[in-house]
Each structure stands twice: as C-alpha cells, then as structure tokens.
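The values are calculated or read from the model by the stated rules, or taken from the named source; none is laboratory data. Predicted, not measured: the structure shown is a model, and the values here were computed from it. For neighbour counting, all protein chains shown are included, and Cβ atoms are generated from backbone atoms with ideal geometry for every residue, glycine included.
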Amino acid sequence: MITVYGIPNCDTVKKARTWLSTHGIKHQFHDFKKQGVPAELPTWVDVLGWETLVNRKGTTWRKLEPAAQAAVHDAASALALMQDHASVIKRPVVVWAPGQLTVGFDAAAWQARLA
C-alpha cells in the first residue's frame, strides 16, 4: 500500500492525493498534524538525506529564529527540528514500497514509476 505523508491543507499534498485518486491508485494518508511524525523519519533521512527533507522555502522555516535555522547543519540537528516542527518536512513524502521513497509531487515521474 502506498502511503502519502503530509499535511492535508498543503497544496502539493492535495495535488498528489488527487493525482493518485484520479489514476485509481489506492493509497493511505498519514497526517503529520494529527498522527505525528512517523518513527520512520530516521530511515527517510538515511535514504533521502536530511537536506532533501528539510523545506527551507516554507513558512515554518522562515518563521524560525535565525539561530534555530543556523543550528540545522547535520542529520541529527535536522531530525530534531523535523520532530519538533513537522511542518518543516518537505511534502509529500511518499512511500511506494519499503525503501522506495520520493519527496514532492512530479506527475511525469510518478507516471513513469507506475508504468
């Protein structure tokens, strides 16, 4: 089962979920706000890299104090930030199968993945 992780009011998450539904692809949704950051987050960091997962363009990042931003310099500090502020995780994170992860929404890449 494909799992989409994110926040329901995020436009990119909405597009991703709509795309999956439109293409008849069953999936489940994990809401960071209601269900929390999953225990798999350290694995995501190992597979994707913390730089990929930390959304430095989003509102949550921009609202952080400069010192808090500067403190994110490695996987451990990024993990701590993402666990404290789920909204700073780039979305959506999609688990297609164990160990197969993507971040963000790219319709062409998703179509190719499922072809």
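Would you pick out the residues in the range 38-74 that are out of contact with any helix residue (DSSP H, G or I) (no Cβ under 9 Å at 6 or more places or on another chain), part of a loop (DSSP other than H, G, I, E, B) and basic (K, R)?
K57
What's the number of the only condition in (1) in a loop (DSSP other than H, G, I, E, B); (2) small (G, A, S); (3) under 22 Å from R113 (Cα atoms) that S21 fails to meet?
With (1) in a loop (DSSP other than H, G, I, E, B); (2) small (G, A, S); (3) under 22 Å from R113 (Cα atoms) applied to S21, the lone miss is (1).
Out of the residues in the range 80-107 that are of a type in the set (V, I, T) and under 15 Å from V37 (Cβ atoms), state the one that is nearest to the chain's Cα centre (by Cα).
Filtering the range 80-107 for residues that are of a type in the set (V, I, T) and under 15 Å from V37 (Cβ atoms), the one nearest to the chain's Cα centre (by Cα) comes out as V93.
Please work out which one of (1) more than 13 Å from the chain's Cα centre (by Cα); (2) in a loop (DSSP other than H, G, I, E, B) is the condition S77 fails and give its number.
Of everything listed in (1) more than 13 Å from the chain's Cα centre (by Cα); (2) in a loop (DSSP other than H, G, I, E, B), S77 misses just condition (2).
Which condition from (1) at pLDDT 95 or above; (2) loosely packed, with under 14 Cβ neighbours inside 10 Å is the one that V54 breaks?
All conditions are met except number (2).
Return the pairs, sorted by first residue and then second, in which the second residue is modelled with pLDDT of 95 or more and hydroxyl-bearing (S, T, Y), the first residue lies in the range 58-76 and is farther than 24 Å from T12 by Cβ and surrounded by 10 or more Cβ atoms within 10 Å (Cβ to Cβ), the beta carbons are less than 7 Å apart, and the residues are 6+ apart or on different chains.
Pairs that qualify, where the first residue is farther than 24 Å from T12 by Cβ and surrounded by 10 or more Cβ atoms within 10 Å (Cβ to Cβ) and the partner is modelled with pLDDT of 95 or more and hydroxyl-bearing (S, T, Y), are A71/S77.
Quick one: in the range 1-18, which of the residues that are surrounded by fewer than 12 Cβ atoms within 10 Å (Cβ to Cβ) and not in a loop (DSSP other than H, G, I, E, B) is nearest to the chain's Cα centre (by Cα)?
This residue is D11.
Evaluate the range 28-37: report whether one residue or more is more than 26 Å from L114 (Cα to Cα), touching a helix residue (DSSP H, G or I) at 6+ places or on another chain (Cβ under 8 Å) and surrounded by fewer than 16 Cβ atoms within 10 Å (Cβ to Cβ).
yes
Looking only at the range 80-107, which residues are assigned to a loop (DSSP other than H, G, I, E, B) and without any contact (Cβ under 8 Å) to a residue 40 or more places away in the chain?
H85, K90, P98, D106
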